[in-house]
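What follows is calculated from the coordinates using simple rules that are stated; it is not laboratory data. Keep in mind that what you see is a predicted model, and the values were worked out from it rather than measured. Ideal geometry is used to build each Cβ from the backbone, glycine not excepted, and the neighbour counts take in all protein chains shown.
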Amino acid sequence: MELDPLLLSRIQFAFVVSFHAIFPVFTIGLAAYIAVLEALYYRTDNPVWEKLSKFWTKVFALVFGMGVVSGIVMAFQFGTNWSTFSYSSANFLGPILSYEVVTAFFLEATFLGVLLFGRDKVPRGAHLFSACMVALGTFISSFWILSANSWMHTPAGVEFNDGIIQVTSWTQAIFNSSLPYRFAHMALASFITGGFVVAGVSAWYLLKERNPETSRKALKMSIVMLAIATPLQLVVGDLHGLNTFEEQPIKVAAMEGHWETQEGAPLILFAIPDSRNETNHLEIAIPKLGSLILTHSLDGEVTGLTSVPAEDRPPVGIVFWSFRIMVGIGLIFIVISLASAWQLWRGKLEASPRLLKALTWMIPLPFVAVLAGWFVTEVGRQPWLIQDMMRLSEGITPSITGGMVLVTLIGYIAVYAVVFAAGLYYLRRVILAGPDPVEDASSDESARPKRPWSAVSSGLEDEAAKARS
Amino acid sequence: MELIDLTLIWIVIIGIGVFMYVLMDGFDLGVGILFPFAPDDRARDEMMQSVAPVWDGNETWLILGGAGLLAAFPMVYAVFLPALYIGVFLLLAGLIFRGVAFEFRFKSGSESRHWWDRSFFGGSTVAAFAQGAVAGTYIQGFEVEGFSYVGGPLDWLTPFTLMTGLGVVAGYALLGITWTILKTEGSTRDWAYRIAPKLLAAVMAFFVIVSIWTPLASEHVRERWFDHVTALWIFPLLTVLTAAWIFNKLRKRSDAAPFIGSMTLFALFYIGLLISMWPYAVPPEHTFWDAASDPGSQLFLLLGVLFLIPIILGYTAWTYWVFRGKVNADEGYAGH
């Protein structure tokens, strides 16, 4: 059997991107949170903020480490598997990705060293500054990468000459029409992800009656933020959808499960799309609501999938279902955040074990939602690599063979499985160990000999080993 | 654009960027290569702590090299990466394993730490070897039609690239051991002083082999060194003198001079390589000017880079200043 390098390269790229995406979406939000904690500590001198910041910095360092190494892979994957695409679009993508490196990556990587290891070596103001630079770096990075990605969805400011893209307007190309929505959607997703992880872990500590002083503060902060961010995300997501409806109507048709172009389209809640027969099975729909949402008119015209030939349509099932998973999780988030905020306002959040439990269950969901969202937008662009300009099949490396891609795909899966398993294991240990108790804070710390964290945790593991034997 | 040759400016920028990477990640990869040979766990702790705050920034120069090539010389990017497909995978896998080892090693107990020691060593060695093989492949040349690589997946793997790969492993180990001398005290430094002369001898042996082999492997290189300007021979001469100087300083147990000397050696190797290959970006046919991107794109990025690189160098220098001096095995991870 002949191995298809195109299909395998797509699987490889999807795998690597999906694996990578879950790290930055968490670290962007968490970096901002750590910067806030450091600022609070700087201003109030309250050791609670320092303990919280130290704890979440440990988590951050683990996750950021995995994000960095998987991100390096991305920078080279364009060249190894999609060299024709890279060569064609280099005049735009090259400078954009380079700007990401010089404005963001260096900032993150360099100041992270000071944030992690410099607490006792630099003045407190410089340490706070480093925390802010790491947070700023993660943000700038997401701006550039989303600019590049958005441009592939809504290309602008360029001309295609002899198979090479030339930039005619940098502002139009960088600030292309879908960038503002995509950036806002992603930034909010990052805050929501970081927020639910902090809230979930803090709620879990409270349920276990551990670290109450730090956990109470962390929970309160994250709930207030989530109660604002989650409903806002619904609004931003809707605006993003309207932009997509204008720019990539076929993607929206796949998201909504609309086969025929129609006026007064329904909102389909549930269906099993059938690409072969160009229809839906077991459809549950609300009449006219689809048109109302997308065109703000009950009889507005909504483009259907059959308006383009079958080879120009994305795989409908993946897009349709990923979209429902993302929206469904988003709605759960709104309910949980608002309920928690309500209980918090009444001063009863800590006495609501069911809500606290629900919050701990939320921890994995933002990651699922983010991946589902990526599937919607990326699979929804198929078969285009650059919308209406270059197909996936035109972008692949000419010398590549199915065997090579398969070997490296298996290699990446193996490497990432090891890294991810170990990372989760150490994350679990850091979280089980929890923040340092506040009691032995500032006053006697300088008097004690400094113990490396490794020494503390090896004690834990050695005890566990003894208990097992 | 006739007044300023943007492509030439970009050759200089990318050239400096790649060299920054080789020097900076070179010594922290070297520390990883040396890991199994360190006398004890305390030495390993000290060695890792000496690079923990800075390795991430060092490695970013590699990403800049990759992204910069795509921006300024897309053809180099689009030919090198497919040609080195398997090698690139090995490089990335190596960098992944050594990168996570920094975090995981210090969070693991005595039970599992040796796994991350191995991961740090293996990853660093494979990454260094892959980089040496990339340099060897560049000298060797590529099978290209139009703007695309058309050779096989393992064409890069030849006795010559195996040798350049091992040469870079030895070279990075030399950077790593002289860095260790600079950053440690006591038994760790004593050990480093014992190992360093042997590594220097190994590196010079590779230098001699490469110097003989390269002109044999590439007609272009042979012509450059034997038919043209004889003034070029100053570079091998300087290399030998630098090596002798390092030997001398190692014998006198000077802490900083061997590291400075090793960096100078790398600079001389690097200049020698550039002289040999000039002006070919994708040998044996395409020059840097053939491989260049649109002048508008080169200019757009140049404006930002000229402004930002000094800032990056500034804060990088600051962090090296913050973490100056000898490391202490008990100190580094207190706040983390």
Relative to the longest principal axis of chain B, what angle (0 to 90°, nearest 10) does the C-alpha long axis of helix B:113-140 take?
20 degrees
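Please compute, for peptide B:50-61, the average count of beta-carbon atoms on other protein chains lying within 10 Å of each residue's beta-carbon. Don't skip to the end; give the middle numbers.
Values: counts 0, 1, 3, 9, 4, 2, 13, 9, 2, 5, 11, 4.
Partner-chain Cβ atoms within 10 Å, mean over residues of B:50-61: 5.
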Taking a point 7 angstrom from the Cα of A:PHE160 along the C-beta vector, which residues in the range A:91-121 have backbone N less than 16 Å away?
A:91-93
Over the whole of B:147-155, what's the average partner chain Cβ count within 10 Å per residue? Rounded to a whole number, please.
4
Once whole DSSP H runs in chain A are found, which of them have Cα atoms spread over 27 Å or more along the helix axis and a mean Kyte-Doolittle score of at least 0.0?
A:5-44, A:47-81, A:124-153, A:179-207, A:212-247, A:316-345, A:402-433
Quick one: length gained pulling A:ILE272 to A:VAL235 fully straight, 0.36 nm per residue minus the C-alpha distance?
10.6 nm
In terms of the alpha carbon gyration tensor, root eigenvalues a ≥ b ≥ c, rounded if a/c is under 1.5 and otherwise prolate when a/b exceeds b/c or oblate, the range A:173-243 is prolate
Could I have the simple spin-label model distance between A:GLU311 and A:GLU394, label points 7 Å from Cα toward Cβ, reported in nm to one decimal?
1.3 nm
From other protein chains only, count the Cβ atoms within 10 Å of every residue's Cβ in A:63-74, then give the mean.
5
For the range A:113-255, averaging the sequence separation of alpha carbon pairs under 8 Å that lie six or more residues apart and dividing by its residue count, the contact order in percent is 19 percent
Exposure-ranked with fewest Cβ neighbours within 10 Å first, A:TRP170, A:TRP82, B:TRP225, A:TRP151 stand as A:TRP170, B:TRP225, A:TRP82, A:TRP151
Return the single residue from B:TRP321, B:TRP55, B:TRP179 with maximal mean-square fluctuation; model: Gaussian network over chain B, springs between Cα atoms under 10 Å.
B:TRP321
FRET efficiency for A:PHE15 and A:LYS348 from the Cβ-Cβ distance with R0 = 51 Å, rounded to 0.05, comes out at 0.70
The exposure ranking of A:LYS357, A:LYS288, B:LYS252, fewest beta-carbon neighbours within 10 Å first, is B:LYS252, A:LYS357, A:LYS288
With just the Cα atoms defining each centre, how far is the range B:188-249 from the range B:100-155? Give it in Å.
24 Å
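Tell me the mean residue ellipticity at 222 nm calculated for the protein assembly as shown from its helices only (DSSP H runs of n ≥ 4, each -39500 (n - 2.57), averaged over every residue, nearest 500).
-25000 deg cm²/dmol
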Using a Cα-Cα cut-off of under 25 Å, which lysines could be cross-linked to B:LYS198, ignoring same-chain neighbours fewer than 8 residues away?
B:LYS183, B:LYS249, B:LYS252, B:LYS326
For labels at A:THR261 and A:HIS296 in the simple 7 Å Cα→Cβ model, what's the distance in nm?
2.3 nm
Could you calculate the FRET efficiency of B:THR158 with B:TYR270 from 1/(1 + (r/R0)^6), where r is the beta carbon distance between them and R0 is 25 Å, rounded to 0.05?
0.70
Which of B:ILE11, B:ILE260, B:ILE96 comes first, and how do the rest follow, when ranked by fewest Cβ neighbours within 10 Å?
B:ILE260, B:ILE11, B:ILE96
B:ASP290 and A:LEU338 label points (each 7 Å along its Cα→Cβ direction) are spaced in nm at 6.5 nm
Taking 20 °C and 1.002 mPa s as the conditions, I'd like the Stokes-Einstein D for the protein assembly as shown in µm²/s, using the Kirkwood hydrodynamic radius from alpha carbon pairs.
76 µm²/s
